[in-house]
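Trainee: Quick one: this structure, given as structure tokens, is what I'll be asking you about.
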């Protein structure tokens, strides 16, 4: 059977004074693809201006590179030494503009950013002091943004980048396994033996499923916060370029790509919440059906814990709904500006609307089953033992 290979794309960005390190990165990627990463069925793909671009026209030269490289890469790898690079229309250099685009995506967890600063002594007679100062300023700004960079000397770089790329690949593979595990748990079919489950197994399964519901709600809220930051970023970019049609069109299309990614993430969390809630509710109903036969003070505590477990969900839903409904309305108000944006609007609306409707239904359902559970408890006499 043919193996399914996962490709992680790496965008290599740097000024011209680290050509040797760029060659090392290419060599290490080729080596990892042929050795260490094979058992993981992972392939690294290198994107760089040397091999991933071609002569063309755009709003400005860096815009051509941005369009041809795209924003679909998984890892941004930036290397700096004494130069920052050539200024562009939107940034102090092409490399910094590339970083800024990656950082905007990183806020939404769409790309991993790795920055390296070479500390070898350079020829003082050849250093452009203005360029070197820009590198120092950028390095300081990275820390203020919450970034963790890595200093290196030339002789250590090859082993360093080999180790880091391998660790990143392993981390990515583990994350995919965790996501797959969540989906498997949410979509698992109730096996025949579940008919024999007792109060303790039902309690454990219910707790597991509602833990997943809570985690998915928290993940959605984090995604919504990150989305707000991204939309503010793109709005600011549009305000900074009020008259340049080409630049504004590019920013709008970048916004479109972001909305598509956000829609996919919303859809995933919606599926996890819906399926885990339905499975958890199934366990709760079975628990209630057998509860009168095993009612005692100890088992009453189990049922009370299950009923109170709904409180966290009930607290989170109204907050989530308020923000989601407001965002949905703002998306609907966006005028038709580009084909890409119009399609992204439709995709996001088709993800958000059923999610909002389901969460409204979920809130009512939870309140109803809570009342049912507490009513059952109050109708039964207290017993020390079964």
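Only the coordinates and a few stated rules stand behind these numbers; no lab work does. In this text the structure is predicted, and so the values were computed from the model without any measurement. Quick reminder, even Gly has a Cβ in these numbers, built from the backbone with ideal geometry, and neighbours come from all protein chains shown.
Trainee: Give me the number: length gained by fully extending residue 368 to residue 317, i.e. 0.36 nm times residue separation minus the C-alpha to C-alpha distance, one decimal in nm.
Mentor: Full extension of this stretch gives 16.8 nm more.
Trainee: Continuing with this model, one more query. In degrees from 0 to 90, rounded to the nearest 10, what is the angle of the helix 199-240 Cα long axis to the longest principal axis of the chain?
Mentor: 30 degrees
Trainee: Something else about it: How would you rank 88-95, 142-149, highest first, on the average number of other Cβ atoms within 10 Å across their residues?
Mentor: 88-95, 142-149
Trainee: Per residue, what volume in Å³ does the convex hull of the Cα atoms of segment 194-275 enclose?
Mentor: Looking at segment 194-275, the number lands at 61 Å³ per residue.
Trainee: Now for a different question. Remind me, what semi-axes does segment 6-172 give for its equivalent ellipsoid, largest first in whole Å, using sqrt of 5 times each Cα gyration tensor eigenvalue?
Mentor: Each semi-axis is the square root of five times an eigenvalue, giving 24, 20, 16 Å.
Trainee: What is the distance in Å between the Cα centroid of segment 28-92 and that of segment 323-386?
Mentor: When both Cα centres are located, 40 Å separates them.
Trainee: Still on this structure, I have one more. Between the helical axis of 129-144 and the dominant principal axis of the chain, each derived from Cα atoms, what acute angle in degrees is found, rounded to the nearest 10?
Mentor: Roughly 10 degrees, rounded to the nearest 10.
Trainee: Apply 1/(1 + (r/R0)^6) to the Cβ-Cβ distance of residue 349 and residue 54, taking R0 = 30 Å, and write down the FRET efficiency to the nearest 0.05.
Mentor: My answer for the efficiency is 0.25.
Trainee: Enter the Cα centre distance for the pair segment 208-253 and segment 283-307, rounded to the nearest angstrom.
Mentor: First find each Cα centre; the distance between them is then 43 Å.
Trainee: Could I have the simple spin-label model distance between residue 136 and residue 228, label points 7 Å from Cα toward Cβ, reported in nm to one decimal?
Mentor: Inter-label distance under the simple model: 3.8 nm.
Trainee: Sort 81, 49 by Cβ crowding within 10 Å, fewest neighbours at the top.
Mentor: Ascending number of Cβ neighbours within 10 Å: 49, 81.
Trainee: Please report, to one decimal in angstroms, the Kirkwood hydrodynamic radius of segment 198-379 built from all distinct Cα-Cα pairs.
Mentor: Kirkwood radius, segment 198-379: 18.5 Å.
Trainee: What spacing in nm lies between the two simple spin-label points modelled at residue 72 and residue 337, each 7 Å away from Cα in the Cβ direction?
Mentor: Taking the two extended label points, one gets 2.3 nm.
Trainee: I would also like to ask the following. On C-alpha positions alone, give me the angle between the axis of helix 19-34 and the longest principal axis of the chain, in degrees, nearest 10.
Mentor: Here the helix axis deviates by roughly 40 degrees.
Trainee: Follow-up. Stick to the Cα atoms of the chain, pair each with every other, and give me the Kirkwood hydrodynamic radius in Å at one decimal.
Mentor: 24.6 Å
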